[in-house]
């Protein structure tokens, strides 16, 4: 199912199993199924929750698509996770992973979707530097739909945090 309206979407990516290769491959696959406009650096970040695992690389991309939210989630993002051999540990939601793809922002909308339900804007933008900083890099003037401040101003809340930046291109 597709919608007639072209959506501007920001996807957050993370990996700590062969992370550089998996992030690059995920970006390549996203570009095959959507129109890719921007790719952030990858930010090396410590794991959250379950800390006895390798550091993560986190990034963000800006895409446009005519797919609706559920179709993008299930037919593109979930498919990419399967392609890259993502394994979900039912006992540890913070377990190591080859790839994690989340819709962080959809146009300038506030949306709940899916069975979970997932929320847009992703609440993790406000909670974690590893989500906020890559998004602010590729969309500094984007106005957060519920906070009504730019992603640059929002990411400044994490100004004491410094992460190694790695190019994905």
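The values are calculated or read from the model by the stated rules, or taken from the named source; none is laboratory data. None of the values given here were measured: they were computed from a predicted structure. When we count neighbours, we look across all protein chains shown, and the Cβ atoms used for this are built from the backbone with ideal geometry, even at glycine.
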Flagged in segment 22-61 as exposed (fewer than 14 other Cβ atoms within 10 Å of the Cβ), farther than 19 Å from residue 105 by Cβ and either at pLDDT 95 or above or in contact with a helix residue (DSSP H, G or I) (Cβ under 7 Å, 6 or more places away or on another chain) (or both), in numbering order, are 28, 32
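Which residues, taken from segment 12-21, are assigned to a helix (DSSP H, G or I) and surrounded by fewer than 22 Cβ atoms within 10 Å (Cβ to Cβ)? Even if it seems obvious, please write down each step before you answer.
Pass one, segment 12-21, residues assigned to a helix (DSSP H, G or I): 19-21.
Listed by number, the residues that qualify are 20, 21.
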Can you find a residue in segment 140-163 that is over 20 Å from residue 37 (Cβ atoms), surrounded by fewer than 18 Cβ atoms within 10 Å (Cβ to Cβ), in contact (Cβ under 8 Å) with a residue 12 or more places away in the chain and touching a strand residue (DSSP E or B) at 6+ places or on another chain (Cβ under 9 Å)?
-> yes
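Quick test for you: out of 120, 99, 125, 103, pick the one residue that is buried (at least 16 other Cβ atoms within 10 Å of the Cβ) and farther than 17 Å from residue 59 by Cα.
Values: 99 fails: farther than 17 Å from residue 59 by Cα; 125 fails: farther than 17 Å from residue 59 by Cα; 103 fails: farther than 17 Å from residue 59 by Cα.
Exactly one residue qualifies, and that residue is 120.
Would you please name the residue that is surrounded by the most Cβ atoms within 10 Å (Cβ to Cβ), looking only at residues in segment 129-139 that are closer than 22 Å to residue 48 by Cα, in contact (Cβ under 8 Å) with a residue 40 or more places away in the chain and touching a helix residue (DSSP H, G or I) at 6+ places or on another chain (Cβ under 8 Å)? If you could, list the steps in order and put the result at the bottom.
The first filter runs over segment 129-139 and keeps only residues closer than 22 Å to residue 48 by Cα, leaving 129-137.
Next, only the ones that are in contact (Cβ under 8 Å) with a residue 40 or more places away in the chain stay: 129-131, 133-135, 137.
So of that shortlist, the ones also touching a helix residue (DSSP H, G or I) at 6+ places or on another chain (Cβ under 8 Å) come out as 129, 131, 133, 135.
Numbers: 129: 19, 131: 24, 133: 25, 135: 28.
Checking each candidate, the answer is 135.
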